[in-house]
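See structure below.
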Amino acid sequence: MDLSELKDKRIAVLLSGGVDSSVVVYELATKGLKPDCFYIKIGPEEQEEWDCSSEEDLEMATAVAARYGLKLEVIDCHHEYWNQVTKYTMDKVKAGYTPNPDVMCNRLIKFGAFDEKRGHDYDLIATGHYAQTEIIDGEKWLVTSPDPVKDQTDFLAQIYDWQLKKAIFPIGHYVKDEVRQIAEREHLINAKRKDSQGICFLGQIDYNEYLRRYLGEKQGDVLELETGKKIGTHRGLWFHTIGQRHGLGFGGGPWFVVKKDVEQNVLYVSKGYDPKTAYKQEFKVHDFHFLTKPVEMKMVTFKIRHTPEYHPAVMEKMDNGMYLVRAEKPIHGVAPGQFCVVYDENHHRCFGSGEITV
């Protein structure tokens, strides 16, 4: 993407206070562009109790915008986040699924609620995502970043086509080390700041504490899948994910979480370092969301979590509109509720994503 071609465009930058979005501002400003910067304020009301880092984030964002003579506006999307993204998350985990709040945050908040409040006044919305776009046969497509570890196309695979048309990713052609080097060379205030971890906009909030606050605890049995033997108890199915091994706290292991029975409130585990029950080679995907337009998907690559690995597979559309995914090799930790993000054979162009079903 040639940024110099955007001089006639009204550009909004989502400036979080982190190093990535700050380098976005640098990239645009040094090309002679004058974007307006926006800090999206989203966080729990009990900030002191939850140790939210939003105050420091806003200070960093303010300093970066001021350095380049740009105005910064704070947009409060607190209620939208907690009413939409939190509701999605809690509904899914209560049903025994594995949700991805970051994915829905991009669709509903960064490119959703923000657009309704202020973004509609702008031609383009720039973010610090590690992703790229490419015009192929006259259509704008989401394509992967050269940094396989940081690539964030999987987090963007549920945004709408109109949102993709407005999105630009000015650092998407860099790898993370290059972004850090630019920040340090330019002496940006947050050049050495650590990347945020965990869920979008939760700051220092622990995910399990987030769940406990809204769902509480509900004790139930933990059984060995193969024998039905009781291994221990859990405090709530929502604190566990399919494929989980660490943090279970049961002796005689290692144990892997392999199944949840929501109706009976039972968590099933299998023993061993690599139990077959922790793998699946075939699974179904429903409500597939195409990013740019529907395409025929046959030989593809996919990922089910934010990792550098792409898995080759054959996809088959079923009569009920769902897709059957046949992976080349068994995949660890396939869980209902996860998004299966689908790419072309060369894992370059992202077609979209759908939710894994049982």
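The values are calculated or read from the model by the stated rules, or taken from the named source; none is laboratory data. Keep in mind that what you see is a predicted model, and the values were worked out from it rather than measured. Glycine gets a Cβ as well: all are built from the backbone with ideal geometry, and neighbour counts include every protein chain shown. All accessible areas refer to the heavy atoms of the entire protein, side chains included, with ligands and DNA or RNA removed. Shrake-Rupley method; radii C 1.70, N 1.55, O 1.52, S 1.80 Å.
The table below lists the values:
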quantity: Residue match in region 93-110 (condition: surrounded by fewer than 18 Cβ atoms within 10 Å (Cβ to Cβ) and of a type in the set (A, V, I, L, M)); calculated: yes
quantity: Members of region 292-315 found to be closer than 11 Å to V341 by Cα and at pLDDT 95 or above, listed by number; calculated: V300, T301, F302, K303, I304, Y310, H311
quantity: Scan of region 245-256 for residues that are touching a Lys or Arg at 6+ places or on another chain (Cβ under 8 Å) and under 19 Å from T98 (Cβ atoms), ordered by number; calculated: W255, F256
quantity: Selection count, region 257-275, where residues are farther than 26 Å from V103 by Cα, open to solvent by 30 Å² or more (accessible area, probe 1.4 Å) and in contact (Cβ under 8 Å) with a residue 12 or more places away in the chain; calculated: 4
quantity: Criterion violated by E217 - all others in (1) open to solvent by 10 Å² or more (accessible area, probe 1.4 Å); (2) at pLDDT 95 or above; (3) under 27 Å from H79 (Cα atoms); (4) under 21 Å from the mean Cα position of the chain (by Cα) satisfied; calculated: (4)
quantity: Filtered residue count, region 316-330, keeping only those that are at pLDDT below 95 and either of a type in the set (D, E) or within 15 Å of D154 (Cβ to Cβ) (or both); calculated: 1
quantity: Residue check, E345 more than 24 Å from N106 (Cα to Cα) and touching a residue at least 24 places away in the same chain (Cβ under 8 Å); calculated: yes
quantity: Qualifying residue in region 32-45 (condition: modelled with pLDDT under 95 and part of a helix (DSSP H, G or I)); calculated: no
quantity: Qualifying residue in region 143-155 (condition: touching a residue at least 60 places away in the same chain (Cβ under 8 Å), aromatic (F, W, Y) and touching a Phe, Trp or Tyr at 6+ places or on another chain (Cβ under 8 Å)); calculated: no
quantity: Residues of region 322-342 satisfying the condition of being assigned to a strand (DSSP E or B) and crowded, with 24+ Cβ neighbours inside 10 Å; calculated: V325, F339, C340, V341, V342
quantity: Identity of the residue in region 311-321, part of a strand (DSSP E or B) and closer than 13 Å to K284 by Cβ, that ends up most open to solvent (accessible area, probe 1.4 Å); calculated: K317
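Let's see how each residue does on (1) at pLDDT 95 or above; (2) in a loop (DSSP other than H, G, I, E, B); (3) surrounded by fewer than 13 Cβ atoms within 10 Å (Cβ to Cβ); (4) of a type in the set (A, V, I, L, M):
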position: N190; (1), (2), (3), (4): no, yes, no, no
position: S196; (1), (2), (3), (4): no, yes, no, no
position: I205; (1), (2), (3), (4): no, yes, no, yes
position: R213; (1), (2), (3), (4): no, no, no, no
position: H246; (1), (2), (3), (4): no, yes, yes, no
position: G252; (1), (2), (3), (4): no, yes, yes, no
